[in-house]
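What follows is a single structure, written as structure tokens, with notes after it.
Derivation of every value follows stated rules applied to the coordinates shown; laboratory data play no part. Here the structure is a predicted model, which means the values were calculated and not measured. Backbone-built Cβ (ideal geometry, glycine too); neighbour counts: all protein chains shown.
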Amino acid sequence: MEKILIIEDNPMVSKSLEFKLSRDGYEVFIAEDGRVAKEILEKQKFDLILTDLMLPFVTGIQLIEHVKAVYPGTPIIVLSTSKQEDIIMDAFNLGVEDFITKPFSPNELSVRVKRSIKSASLPEIK
Amino acid sequence: MEEFIEHIIQNGELILKINLIFTMVFFLITLFFISSILFLRYQKILKEKKLKKLNEALSNFINIYLFDESLSPNDIKTFQSQNLKSAFEQKIAIKTLLVFEENFKGSTNTMICDLFFMWELDKLTERDLKSGIWYKIARAIYVSSELRLIDFKELVQSHLNSEREEVRQQAIFYLITISEEKPLEFLDLIKTPITLWEQIYIEECLKTKYSGPIPDFSIWLHHTLTSVQLFSMKMISEYNQYENIDKMVPFLLSEKEELKNAAIEYLAQLEYSELLDYCKETFNSQTPNTKKVIIKILQRIGNTDDFLKFENRIPAHDWMNLQVFNNLKSNFIEESNSVTV
């Protein structure tokens with residue numbers, strides 16, 4: 001079973017995401033801020049990371065930098081508001097795979113998660 | 001202690017007796033206050049506990065409803081009868097649904113709206129809309145806008161001329177949000193002048209909450225309220241509705257100074273070609289305020305010479321407009337020098 005780490009400070013949103021992705025057959029872990037996420041990441045590797053950008057303690061961008069340094073192959077999907085354009089560009093420059101704006105469609109999210117995990121698991125063509 | 005008190009009652013002086021009475025009264029009052037505080041605190045803890053439990057139950061239920069598809073209409077009704085009995089519980093349910101609505105879109109939002117009706121929360125919203133209490137009305141209109149409850153259109157429209165600004169703003173927000181092609185239809189029903197903040201608010205809602213065709217703003221050029229007429233001119237210029245220039249030109253001869261000034265300002269923004277001639281011909285007969293507007297738009301509608309020619313036309317006693325002119329002139333000279341360098 002593929003493992004997904006969700007980093008989201010709104011408990012209602014993270015709970016819904018957990019519920020939806022669990023129903024889709026993933027093992028879901030929740031971190032309410034970037035600091036907790038870093039602690040979880042020290043203990044295990046994930047198949048996908050779904051993160052907000054506006055997080056307390058450690059920002060989304062700092063977290064993406066950390067993940068890309070420690071687990072360069074792990075796909076990251078950013079889930080954030082469309083108003084943060086400059087930060088979105090920074091995230092893409094750091095190698096984020098996908099971006100979903102809030103409000104979002106849970107079904108669309110499912111498809112994107114599935115696609116990102118599938119792309120990451122494909123062998124690289126040399 | 002008892003003996004001591006008894007001794008005072010039987011043999012003590014009057015002052016001691018009064019002292020004793022006051023001590024007892026204060027003791028009882030203190031006791032009453034401490035018990036009240038403890039009781040209220042306990043009530044608050046109970047309420048918070050209940051609220052937390054309800055929030056959790058609601059969140060779990062909504063998630064199952066949205067993503068599990070295993071719930072029957074009966075389950076929804078059972079949840080309602082068990083958990084959403086009081087107005088307080090129904091308000092919490094509405095709040096939770098709004099959080100979901102805010103974060104999701106597409107078919108999920110339609111499902112959230114369906115759940116709102118299945119739980120009969122529309123009844124509470126309708127009751128609040130009819131309550132006559134401004135904060136309840138404002139909140140109910142907000143809920144109606146967020147969930148796009150078009151059935152309440154007439155009720156909301158009845159609050160358009162409310163005495164409370166908050167209610168008026170929410171009504172405007174609702175009517176623009178639910179509109180599919182005539183977002184400013186409500187302007188025909190407005191009887192109180194729209195404030196500058198409301199104008200900004202309408203403009204903002206139009207940009208963010210409405211996706212249909214942009215209305216022809218000239219419809220409201222002859223509204224009974226001057227504020228609506230001014231807003232209409234502003235919007236014509238904002239949305240570059242050049243086809244409405246001819247309808248704005250008559251306002252250059254308006255007897256109302258604010259309408260005339262607005263016409264000059266917005267026609268200048270629309271680059272109306274005959275505006276410069278109008279300014280040249282009528283400048284001397286205009287009021288100081290209108291002269292000020294003309295001075296400010298001169299550089300936009302004419303060239304530098306046109307602008308400089310007006311210097312001698314400002315009377316010496318009109319120090320305000322002379323100052324405006326000199327400021328613009330010095331800015332212009334500074335800009336020219338920097339271009340030359």
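Is it fair to say B:Phe61 is in a helix (DSSP H, G or I), away from chain A (no Cβ under 14 Å) and aromatic (Phe, Trp, Tyr)? Give the steps one after another, and end with the answer.
On the way: in a helix (DSSP H, G or I): yes; away from chain A (no Cβ under 14 Å): no; aromatic (Phe, Trp, Tyr): yes.
No.
Yes or no: A:Glu18 within 14 Å of chain B (Cβ to nearest Cβ) and either over 20 Å from B:Asp68 (Cα atoms) or not in a loop (DSSP other than H, G, I, E, B) (or both)? Full working, then the answer.
Details: within 14 Å of chain B (Cβ to nearest Cβ): yes; either over 20 Å from B:Asp68 (Cα atoms) or not in a loop (DSSP other than H, G, I, E, B) (or both): yes.
Here the answer is yes, as A:Glu18 does meet what is asked.
Need at least 3 residues that are closer than 30 Å to B:Phe283 by Cβ per element, so show me which helices (runs of 4 or more DSSP H) inside the range B:151-253 make the cut, counting only ones lying wholly within it. Spell out the reasoning first.
Working: elements: B:153-157, B:165-178, B:196-208, B:226-238, B:245-248.
Correct list: B:226-238, B:245-248.
Can you report the number of residues in the range B:98-150 which are surrounded by fewer than 21 Cβ atoms within 10 Å (Cβ to Cβ), hydroxyl-bearing (Ser, Thr, Tyr) and away from chain A (no Cβ under 14 Å)?
3
Kindly evaluate A:Ile49 against the criterion of being more than 14 Å from chain B (Cβ to nearest Cβ), crowded, with 21+ Cβ neighbours inside 10 Å, touching a residue at least 12 places away in the same chain (Cβ under 8 Å) and part of a strand (DSSP E or B). Quick ask: steps written out before the conclusion?
Working: more than 14 Å from chain B (Cβ to nearest Cβ): yes; crowded, with 21+ Cβ neighbours inside 10 Å: yes; touching a residue at least 12 places away in the same chain (Cβ under 8 Å): yes; part of a strand (DSSP E or B): yes.
Spelling it out, A:Ile49 is indeed more than 14 Å from chain B (Cβ to nearest Cβ), crowded, with 21+ Cβ neighbours inside 10 Å, touching a residue at least 12 places away in the same chain (Cβ under 8 Å) and part of a strand (DSSP E or B).
Among (1) over 22 Å from the mean Cα position of the chain (by Cα); (2) assigned to a helix (DSSP H, G or I), there is one condition B:Lys85 misses while meeting the rest; what is its number?
(2)
Looking at the range A:23-38, is at least one residue within 14 Å of chain B (Cβ to nearest Cβ), surrounded by 17 or more Cβ atoms within 10 Å (Cβ to Cβ) and farther than 16 Å from A:Ser110 by Cα?
yes
Scan (1) assigned to a loop (DSSP other than H, G, I, E, B); (2) surrounded by fewer than 11 Cβ atoms within 10 Å (Cβ to Cβ) for the single condition B:Gln10 breaks and write down its number.
(1)
Report the residue count in the range A:46-62 for those that are closer than 16 Å to A:Phe29 by Cα and among the aliphatic types (A, V, I, L, M). Spell out the reasoning first.
First, pick out the residues of the range A:46-62 that are closer than 16 Å to A:Phe29 by Cα: A:46-52.
From the residues that got through so far, the ones that are among the aliphatic types (A, V, I, L, M) too are A:48-50.
The total comes to 3.
Among helices (runs of 4 or more DSSP H) lying entirely in the range B:257-304, which contain 1 or more residues that are small (Gly, Ala, Ser)?
Working: elements: B:257-269, B:275-282, B:288-301.
Output list reads B:257-269.
For the range B:152-173, indicate whether the set of residues that are among the aromatic types (Phe, Trp, Tyr) and more than 30 Å from B:Arg127 (Cα to Cα) is non-empty. Talk me through it step by step, then tell me what you get.
Of the range B:152-173, the ones among the aromatic types (Phe, Trp, Tyr) are B:152, B:173.
Filter once more, keeping what is more than 30 Å from B:Arg127 (Cα to Cα): none.
No, because not a single residue in the range B:152-173 is among the aromatic types (Phe, Trp, Tyr) and more than 30 Å from B:Arg127 (Cα to Cα).
Which residues, counting only those in the range B:35-75, are among the acidic types (Asp, Glu) and loosely packed, with under 10 Cβ neighbours inside 10 Å?
Going residue by residue through the range B:35-75, those that are among the acidic types (Asp, Glu) are B:48, B:56, B:68-69, B:75.
Listed by number, the list holds a single entry, B:Glu69.
Suppose we keep only residues that are crowded, with 17+ Cβ neighbours inside 10 Å and away from chain B (no Cβ under 14 Å) within the range A:70-83. Which one would you say is farthest from the chain's Cα centre (by Cα)?
Keep residues of the range A:70-83 that are crowded, with 17+ Cβ neighbours inside 10 Å, which gives A:74-80.
If we keep only those that are away from chain B (no Cβ under 14 Å) as well, we get A:74-78.
Working: A:Thr74: 9, A:Pro75: 8, A:Ile76: 5, A:Ile77: 4, A:Val78: 5 Å.
In this case the residue turns out to be A:Thr74.
Which one of A:Leu53, A:Leu48, A:Leu17 is closer than 23 Å to B:Phe100 by Cβ and touching a Ser or Thr at 6+ places or on another chain (Cβ under 9 Å)?
Details: A:Leu48 fails: closer than 23 Å to B:Phe100 by Cβ; A:Leu17 fails: touching a Ser or Thr at 6+ places or on another chain (Cβ under 9 Å).
Criteria check complete, one pass: A:Leu53.
Does at least one position in the range A:58-69 carry a residue that is within 14 Å of another protein chain (Cβ to nearest Cβ) and either over 25 Å from A:Ser121 (Cα atoms) or surrounded by 20 or more Cβ atoms within 10 Å (Cβ to Cβ) (or both)? Give the steps one after another, and end with the answer.
Applying the first criterion (within 14 Å of another protein chain (Cβ to nearest Cβ)) to the range A:58-69 yields none.
No, the range A:58-69 contains no residue that is within 14 Å of another protein chain (Cβ to nearest Cβ) and either over 25 Å from A:Ser121 (Cα atoms) or surrounded by 20 or more Cβ atoms within 10 Å (Cβ to Cβ) (or both).
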